[in-house]
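Right, one structure below, let's go through it.
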Amino acid sequence: MSSSTAITNIATLVTNDPSLGDGSPLGLIQDAALVIDGERVVWAGESRKAPATDNRLDAGGKAVLPGFVDSHSHLVFAGDRTAEFNARMSGRAYSAGGIRTTVAATRAATDAELEANLARHLVEALRQGTTTMETKSGYGLTVEDESRALRLAAAHTDEVTYLGAHIVAPELAEDPAAYVALVTGEMLDACAPHARWIDVFCEKGAFDGDQARAILTAGRAKGLHPRVHANQLSYGPGVQLAVELDAASADHCTHLTDADVDALAGGNTVATLLPGAEFSTRAEWPDARRLLDAGATVALSTDCNPGSSYTSSVPFCVALAVRDMGMTPDEAVWAATAGGAAALRRTDVGRLTPGSRADLVLLDAPSHVHLAYRPGVPLVEGVWRAGTRLV
């Protein structure tokens, strides 16, 4: 039998429900309370109006916001790319080729080693407020290694993505058509039972538009919904393809034409921005302001991976988005919560409204704005997932 708990004396409550709060997208309530019963939120409003509950917890005049929804990560891997990062910070350009280093290490790792690394990163993210985490395969590139990556991931999160099309496997580098056939055939058959999504790196040095279309279409026929690594390193067909195929998200979105922006604004595909990647590669920042002003839905995610964005910290990405991508603190927090949920086509997370899952973050600060105002400071004091306090 579940018991109800009222969290009272919340200085600022982010609900992401404009009807509950101040009418802004964040649905802010000052001097607020939140009531949890079992795994769900059952009430949110002003503290003085809070209903009677079995338990009460005083938030001490601190802020509460939805748990972060990190909709893009690559956590099933082995090895370390410190040397590559060091070289890049010393002047070498980033390219997609470094992925091969991680592929070799991942193939050589045991299941236990891969799972321990995955679990460690999930705990690390949870401590920083992430309560929903998508993760991908993509560092195996064989039938056996891709399917085991997804099997391991599915034991830890519901949001699992088949990314056999990360790059062409090294042993088929001279025959990309044969690799596409593998990704859309035997590998897909082995991987589909463990995944919800299918993704492709549509980029020079990875897969072109025709190859990406074939891969995503095959995945959709197996019941997997598309996502796309799109327009990260150069202009290309990825964004347009994502919108055409009703992909849940087009991720990176760094190099966009006006037509790309219009397509994102006019479709259901979320533009997921990954500022950790630009930070870690010294690349051009995505222009979030341009997307938001056009009416596109924007999400923020870490892109946690060993090569181009080795951070699991959504608060860090929020600070980068505000400082370098033209977002306001309110927009960045919405993008990291409700935006991430939209990128996963989830309505039960990313908000704190009656009926939503009780995933929430207590900050050691009076406002969510401190996430950008105090970059690098560990402000997350408490994390609840499905009504249970885990941090």
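Please go through the stretch 41-63 and pick out each residue that is surrounded by fewer than 17 Cβ atoms within 10 Å (Cβ to Cβ) and either over 11 Å from Ile7 (Cβ atoms) or within 26 Å of the chain's Cα centre (by Cα) (or both).
Glu46, Arg48, Lys49, Pro51, Ala52, Asp54, Gly61
Every residue in the stretch 225-235 that is part of a loop (DSSP other than H, G, I, E, B), at pLDDT 95 or above, of a type outside the set (Lys, Arg) and buried (at least 18 other Cβ atoms within 10 Å of the Cβ), please.
Those that are part of a loop (DSSP other than H, G, I, E, B), at pLDDT 95 or above, of a type outside the set (Lys, Arg) and buried (at least 18 other Cβ atoms within 10 Å of the Cβ): Asn231, Gln232.
Could you tell me which numbered condition Ala149 fails, if it satisfies all but one of (1) open to solvent by 30 Å² or more (accessible area, probe 1.4 Å); (2) in contact (Cβ under 8 Å) with a residue 40 or more places away in the chain; (3) not acidic (Asp, Glu)?
In the conditions (1) open to solvent by 30 Å² or more (accessible area, probe 1.4 Å); (2) in contact (Cβ under 8 Å) with a residue 40 or more places away in the chain; (3) not acidic (Asp, Glu), Ala149 misses (1) alone.
When the residues of the stretch 326-355 are narrowed to those that are surrounded by fewer than 24 Cβ atoms within 10 Å (Cβ to Cβ) and among the hydroxyl-bearing types (Ser, Thr, Tyr), which ends up nearest to Ala248 (Cα to Cα)?
Thr347
Of everything in the stretch 236-253, what is open to solvent by 10 Å² or more (accessible area, probe 1.4 Å) and in contact with an Asp or Glu (Cβ under 8 Å, 6 or more places away or on another chain)? Give them in sequence order.
Matches in the stretch 236-253: Gly236, Pro237, Gln240.
Of the conditions (1) of a type in the set (A, V, I, L, M, F, W, C); (2) surrounded by fewer than 17 Cβ atoms within 10 Å (Cβ to Cβ); (3) touching a strand residue (DSSP E or B) at 6+ places or on another chain (Cβ under 9 Å), Ala93 clears all except one; give me its number.
Only one criterion in (1) of a type in the set (A, V, I, L, M, F, W, C); (2) surrounded by fewer than 17 Cβ atoms within 10 Å (Cβ to Cβ); (3) touching a strand residue (DSSP E or B) at 6+ places or on another chain (Cβ under 9 Å) is unmet by Ala93, namely (3).
State all residues of the stretch 114-137 that are in contact (Cβ under 8 Å) with a residue 40 or more places away in the chain and over 16 Å from the mean Cα position of the chain (by Cα); if no residue qualifies, say none.
Glu115, Asn117, listed by residue number.
Select from the stretch 266-282 the residues that are in a loop (DSSP other than H, G, I, E, B) and at pLDDT 95 or above and write down the one among them that is surrounded by the fewest Cβ atoms within 10 Å (Cβ to Cβ).
Asn268
Would you check which residues across the stretch 206-221 are among the hydrophobic types (A, V, I, L, M, F, W, C) and either open to solvent by 10 Å² or more (accessible area, probe 1.4 Å) or closer than 21 Å to Met133 by Cα (or both) and list them?
Ala206, Ala214, Ala218, Ala221
Conditions tested, residue by residue: (1) assigned to a strand (DSSP E or B); (2) surrounded by fewer than 21 Cβ atoms within 10 Å (Cβ to Cβ); (3) of a type outside the set (A, V, I, L, M, F, W, C).
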| position | (1), (2), (3) |
| --- | --- |
| Pro193 | no, yes, yes |
| Ile198 | yes, no, no |
| Lys204 | no, yes, yes |
| Gly223 | no, yes, yes |
| His255 | no, yes, yes |
| Asp260 | no, no, yes |
| Leu264 | no, no, no |
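Regarding Gly38, is this residue touching a residue at least 24 places away in the same chain (Cβ under 8 Å), open to solvent by 30 Å² or more (accessible area, probe 1.4 Å), in contact with a strand residue (DSSP E or B) (Cβ under 9 Å, 6 or more places away or on another chain) and at positive phi?
Answer is no for this residue.
Provide a single number: the residues in the stretch 152-191 that are open to solvent by less than 10 Å² (accessible area, probe 1.4 Å) and acidic (Asp, Glu).
Looking only at that region, the number is 1.
Among the numbered conditions (1) small (Gly, Ala, Ser); (2) within 11 Å of the chain's Cα centre (by Cα); (3) open to solvent by 10 Å² or more (accessible area, probe 1.4 Å), tell me where Ala299 comes up short.
Every condition holds for Ala299 apart from (3).
The values are calculated or read from the model by the stated rules, or taken from the named source; none is laboratory data. Worth saying up front: this structure is predicted, and the values here are computed from it rather than measured. Virtual Cβ from ideal backbone geometry, glycine too; neighbours counted across all protein chains shown. With ligands, DNA and RNA removed, areas are computed over all heavy atoms of the protein, side chains included. Shrake-Rupley method; radii C 1.70, N 1.55, O 1.52, S 1.80 Å.
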